[in-house]
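Novice: Take a look at this one; I'll ask things after.
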Amino acid sequence: MLAALEFESSVRLSAVPLLLHQQAMQLAIAAARANRFFPFGAVIVRAADRQVMATGVNNGSTNPTLHGEIVAINDYVARHGNRGWEKVILYTTGEPCPMCMAALAWTRIGGVVYGTSIEKLCQFGIDQISIPASAVIAAAPFYRGEILGPVLADETDALFLDRERLPMAGA
Ligand SMILES: [Zn+2]
């Protein structure tokens, strides 16, 4: 029945072995290294066979809305079309900001796994809107996906702490 398909549950993140989450996060970390100032990287992995379907890294210098997750969403659509979202998981080095988490909810992606929390990103001096991704999900009852984190935070925290700093204007 179509109604049953529509409400088919997304990926159960807790049913995926942690090692597989960590391996995918390593790929997100590798992607993030392409931006040494804002090392926000993301990969979209198909849950069933762990195939990497899309990749993204923050490209805010080109367009302020091009966070890593948005770049990965756009890469996914370019390569695979606007379908199959419920079967894939996005891995991101930083907890999705409200803009990205809302965009991810609209895709109805199967699940989201992050490294460093928004709270930590604030502590590291990176501008953030302090709304947890879980709060965005809670406010989107149509969205069935789960969120999991922090995963490999020791490594993603180091990525953000070791980032290169842009020279302060007027400093
Ligand atoms: Zn974002």
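Novice: Show that you can apply the helix-only estimate: for the chain, add -39,500 (n - 2.57) for every DSSP H stretch of four or more residues, divide by all residues, and state [θ] at 222 nm to the nearest 500.
Specialist: Result for the chain: -10500 deg cm²/dmol, rounded to the nearest 500.
Novice: Would you calculate the separation in nanometres between label points at A15 and F142, each defined as 7 Å from the Cα along the Cα-to-beta-carbon direction?
Specialist: Going by the 7 Å Cα→Cβ label model, 2.5 nm.
Novice: Please state the charge dipole magnitude for the range 9-151, taken about the Cα centre, from unit charges on C-beta atoms (+1 on K and R, -1 on D and E), reported in debye and rounded to the nearest 20.
Specialist: Dipole size: approximately 340 debye.
Novice: For the residue pair D154 and L166, what label-to-label distance in nm results when each label sits 7 Å from Cα along the Cα-to-beta-carbon direction?
Specialist: Distance between label points: 3.2 nm.
Novice: Which percent, nearest 5, of DSSP beta bridges in the range 1-138 are antiparallel?
Specialist: Of those bridges, close to 65 percent are antiparallel.
Novice: Determine, from the Cβ-Cβ distance of I129 and Q26 and an R0 of 30 Å, the FRET efficiency 1/(1 + (r/R0)^6), rounded to the nearest 0.05.
Specialist: Plugging the Cβ-Cβ distance into 1/(1 + (r/R0)^6) gives 0.65.
We did not get these values from a lab; they are worked out from the coordinates using the rules stated. Predicted model only: the values in this text are computed from it and were never measured. Glycine also receives a Cβ, built like all others from the backbone with ideal geometry; neighbour counts cover every protein chain displayed.
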